[in-house]
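Report on one structure; see the data block that follows.
The values are calculated or read from the model by the stated rules, or taken from the named source; none is laboratory data. Small disclaimer: the values here were computed from a predicted structure and weren't measured. FYI the Cβ positions are ideal-geometry reconstructions off the backbone, even for glycines, and counts take in every protein chain you see.
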């Protein structure tokens with residue numbers, strides 16, 4: 001059984017042989033970001049599975065996999081909203097995702113929350129332009145603020161536990177309240193959370209129901225001094241509604257590690273290329289920080305992503321129970 005691995009990371013090089021051999025799989029790896037033409041070129045090479053990173057994958061890609069004899073495709077990410085699941089079913093291709101511990105994203109989210117409280121974007125911009133006036137850089141201590149967590153699953157819970165040490169007020173919204181968190185967090189409705197929070201951090205999963213979970217109506221509930229942090233999925237926020245709220249002074253700022261329609265844009269060299277309109281618009285706001293979907297990117301997470309991606313191939317190709325399968 002043979003696997004094609006795209007977007008190989010240099011830091012993972014030394015682990016590849018060990019992990020693939022441990023699962024009894026042959027492989028070929030490349031650092032290249034795959035294109036449809038690359039998938040078509042797999043025909044006749046004997047690959048049974050493909051491992052890649054998130055990018056739009058629909059009928060043309062699944063047709064190419066079918067023609068090449070590829071039976072399973074694995075994304076090295078927890079999220080899988082870039083897969084057209086119905087297209088995968090039409091072409092009979094199994095699709096799977098990776099998992100990794102919540103600590104990396106949770107710590108990164110707390111970093112983003114602190115960036116809001118301490119106005120780090122403004123401080124960095126002031127240094128870049130040599131504007132060292134102090135008043136515009138005055139932030140707030142997190143202990144003075146209320147932080148709202150939307151989505152208190154594994155990552156959200158990890159964020160809450162980290163925030164506890166900063167002595168801030170923590171609000172949570174989740175359809176499945178966690179008894180442990182109730183000891184130091186207050187569970188409220190999403191609307192109440194938005195109304196009361198100084199900083200809102202999103203940790204909900206991507207789904208049709210959660211598409212534009214934060215829309216114009218929800219943004220209107222927030223304090224004009226508030227910030228929103230998104231390290232989850234870009235389409236949780238209606239980007240143009242967010243832009244309008246920022247433009248009209250209804251919201252103070254944001255730190256966005258993810259953004260709508262990022263697939264095929266992030267993780268590629270975009271130097272000298274046209275910037276998407278919604279990203280260009282957000283770049284104009286002094287209190288908005290854009291990051292390129294890096295919350296997961298630690299050695300711990302990257303290694304576990306790789307291992308579980310390869311394990312997903314092994315389980316799928318051997319017809320074994322597979323917790324990574326996307327149904």
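Brief remarks on what is shown
- Index of the failed condition, residue 311 passing every other in (1) touching a residue at least 60 places away in the same chain (Cβ under 8 Å); (2) farther than 30 Å from residue 24 by Cβ: (2)
- Selection count where residues are without any contact (Cβ under 8 Å) to a residue 60 or more places away in the chain, surrounded by 18 or more Cβ atoms within 10 Å (Cβ to Cβ) and within 29 Å of residue 9 (Cα to Cα), scope segment 242-278: 6
- Summed over segment 190-213, residues that are under 30 Å from residue 327 (Cα atoms) and assigned to a loop (DSSP other than H, G, I, E, B) total 11.
- Candidates 117, 98, 49: the one that is in contact (Cβ under 8 Å) with a residue 60 or more places away in the chain, under 16 Å from the mean Cα position of the chain (by Cα) and crowded, with 20+ Cβ neighbours inside 10 Å is 98.
- If you check 153, 126, 139 for being closer than 18 Å to residue 102 by Cβ and surrounded by fewer than 20 Cβ atoms within 10 Å (Cβ to Cβ), only one passes: 153.
- Test: residue in segment 65-76 that is modelled with pLDDT of 95 or more, under 27 Å from residue 156 (Cβ atoms), under 25 Å from the mean Cα position of the chain (by Cα) and crowded, with 18+ Cβ neighbours inside 10 Å: yes
- Any hit, segment 193-200, residues being surrounded by fewer than 22 Cβ atoms within 10 Å (Cβ to Cβ) and touching a helix residue (DSSP H, G or I) at 6+ places or on another chain (Cβ under 9 Å): no
- Looking at 306, 317, just one residue is touching a residue at least 40 places away in the same chain (Cβ under 8 Å), surrounded by fewer than 21 Cβ atoms within 10 Å (Cβ to Cβ) and under 30 Å from residue 5 (Cβ atoms), and that residue is 317.
- Which numbered condition residue 254 misses (of (1) part of a helix (DSSP H, G or I); (2) under 19 Å from the mean Cα position of the chain (by Cα)): (1)
- Each residue in segment 163-180 was checked for being out of contact with any strand residue (DSSP E or B) (no Cβ under 6 Å at 6 or more places or on another chain) and surrounded by 15 or more Cβ atoms within 10 Å (Cβ to Cβ), and 3 of them qualify.
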